[in-house]
Amino acid sequence: MTALHLDQLTWADIKQEIQTGRDTVVVPFGSTEQHGRHLPLGTDAMLGDEIGWGLAERLGAFLAPTVRFGCSAHHLAFTGTISLGEKTFRSIVADVVASLSRHGFRRIVLLPTHGGNFKPLAEAVAKIEPAGGVRIYAFTDLIRLVGAAAESSRSFGVDAAKSGAHSGEWETSLMLAIRPEQVKMDRAAEGFLGELSEITSKVFDGIQNLDQNGVLGDPRPATAEAGKKYLEDIVEYLYQWVSDQG
Ligand SMILES: [Zn+2]
């Protein structure tokens, strides 16, 4: 069963699909925020579109439109970044889930593709009382996701620091695979390469304190070939995670 874009169907088509057993919907939560000098602000939202689609295909699900603003306060020092307050974000999550819960979906998969969304997503989901028969799957373990990304990069001979948590080799390779025309590799520069513990303790006070270009990792070894594999890996990883929840 292939995936379907929720927003490209009529309500009647969606209703019929749900009745015939397509009862899962994936909702990606991206961002509009700086991604160094080489990637566009919509990077996390585009990754949401593509990773979400891959996951929806594996699940035979609907893909809802990616929420294109996220919690990006730590990127606001960089021009063009648009950030939601965490309270606003939690309200959006609750309203999205409440809407979809009315229509017969049995599984609602909430997929953050931006680091700042993980914590408020977990907080939002903790407060939601799912409607009868509805199960919410929220991937909220950022450290596990960064770990899975680093493992993929290792298979291409790139270490975890370069693979990076933001605009590094992993994310840049993904963009070279899905939106090559939007990547400016000639402007790619090495970013912060220190410990993950230092990143997690400092990044939310402002990413510019770690790297003046807003990059965590090193985008220079990125390739489209690696990005295609990373996309497969992350989709498989998320599919396994959903499957493990039962
Ligand atoms: Zn990103």
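The values are calculated or read from the model by the stated rules, or taken from the named source; none is laboratory data. These numbers come from a predicted model, not from an experiment. Heads up, the Cβs are rebuilt from the backbone with ideal geometry, glycines too, and the neighbour counts pull from every protein chain shown.
Of note:
- Any chance Gln8 is surrounded by fewer than 18 Cβ atoms within 10 Å (Cβ to Cβ), touching a residue at least 40 places away in the same chain (Cβ under 8 Å) and either more than 15 Å from the chain's Cα centre (by Cα) or within 16 Å of the ligand (Cβ to nearest atom) (or both): no
- Scan of the stretch 199-246 for residues that are assigned to a loop (DSSP other than H, G, I, E, B), of a type outside the set (Val, Ile, Thr) and touching a strand residue (DSSP E or B) at 6+ places or on another chain (Cβ under 8 Å), ordered by number: Leu210, Asp211, Asn213, Gly214, Gly217, Pro219, Gln245
- Residues considered: Gly191, Gly132. Of these, the only one that is over 22 Å from Asp49 (Cα atoms) and without any contact (Cβ under 8 Å) to a residue 40 or more places away in the chain is Gly132.
- Matching residues in the stretch 105-119 - criterion: being within 16 Å of the ligand (Cβ to nearest atom) and either among the aromatic types (Phe, Trp, Tyr) or more than 22 Å from Trp170 (Cα to Cα) (or both): Phe118
- Within the stretch 138-198, helices (runs of 4 or more DSSP H) holding 1 or more residues that are basic (Lys, Arg), within 16 Å of the ligand (Cβ to nearest atom) and more than 15 Å from the chain's Cα centre (by Cα): 160-163
- Every residue from the stretch 51-68 that is surrounded by fewer than 21 Cβ atoms within 10 Å (Cβ to Cβ) and within 14 Å of the ligand (Cβ to nearest atom): Arg68
- Among the residues of the stretch 23-49, those identified as surrounded by 23 or more Cβ atoms within 10 Å (Cβ to Cβ) and either at pLDDT below 95 or part of a helix (DSSP H, G or I) (or both) are Thr43, Asp44, Ala45, Leu47, Gly48.
- Any hit, the stretch 145-165, residues being of a type in the set (Val, Ile, Thr) and either closer than 23 Å to Ser201 by Cβ or touching a Phe, Trp or Tyr at 6+ places or on another chain (Cβ under 6 Å) (or both): yes
- In the stretch 164-196, of all residues being closer than 16 Å to Leu231 by Cα and touching a Lys or Arg at 6+ places or on another chain (Cβ under 8 Å), the one that is surrounded by the fewest Cβ atoms within 10 Å (Cβ to Cβ) corresponds to Ala177.
- The condition of being of a type outside the set (A, V, I, L, M) and either outside any helix (DSSP H, G or I) or touching an Asp or Glu at 6+ places or on another chain (Cβ under 6 Å) (or both) holds for only one of Phe118, Phe89, Phe105, that being Phe105.
- Subset of the stretch 24-50 (residues that are more than 12 Å from the ligand (Cβ to nearest atom) and either at positive phi or polar (S, T, N, Q) (or both)): Thr24
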